[in-house]
Amino acid sequence: MPRKSPWSIDIVKGINLLTLLWTDENKHVPCEHRIYDKAYDNLSKNDHFAALVKAAHARGFNPAYVCFDAWYSSLISNSSVI
């Protein structure tokens, strides 16, 4: 899907894959993923973030910390973590 890059004047292609990764500092396990395509499912990245966190909790993940990019710092995302 072509996107305008914030670091370039050119259009770039990307797959917009969101991945939830669990780690204990020694192992890194991708435990859920979503493809962001608002034209297809009408979901925002924050909607996908909330779904990723909900899926992780449903699978028994109960992390002490959740780190994420500032892109996902909406009230919806933050309430998903609490």
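The numbers here are math on the coordinates, done by the rules we state, and not lab data. Since we're looking at a predicted model, the values are computed, not measured. Here the Cβ positions follow ideal geometry from the backbone for every residue, glycine too, while neighbour counts run over all protein chains shown.
The calculated pair-distance distribution of segment 22-73 uses every alpha carbon pair, bins of 10 angstrom beginning at 0, and gives 20, 53, 24, 4 percent. Remark: spin-label model distance Phe68-Ile15 equals 2.2 nm, labels positioned 7 Å along the Cα→Cβ axis.
Between Glu25 and Ala51, how high is the FRET efficiency from 1/(1 + (r/R0)^6) when r is the Cβ-Cβ distance and R₀ = 35 Å? Nearest 0.05. Intermediate results must be reported in sequence, preceding the final value.
Details: r = 26 Å, r/R0 = 0.74.
So the FRET efficiency works out to roughly 0.85.
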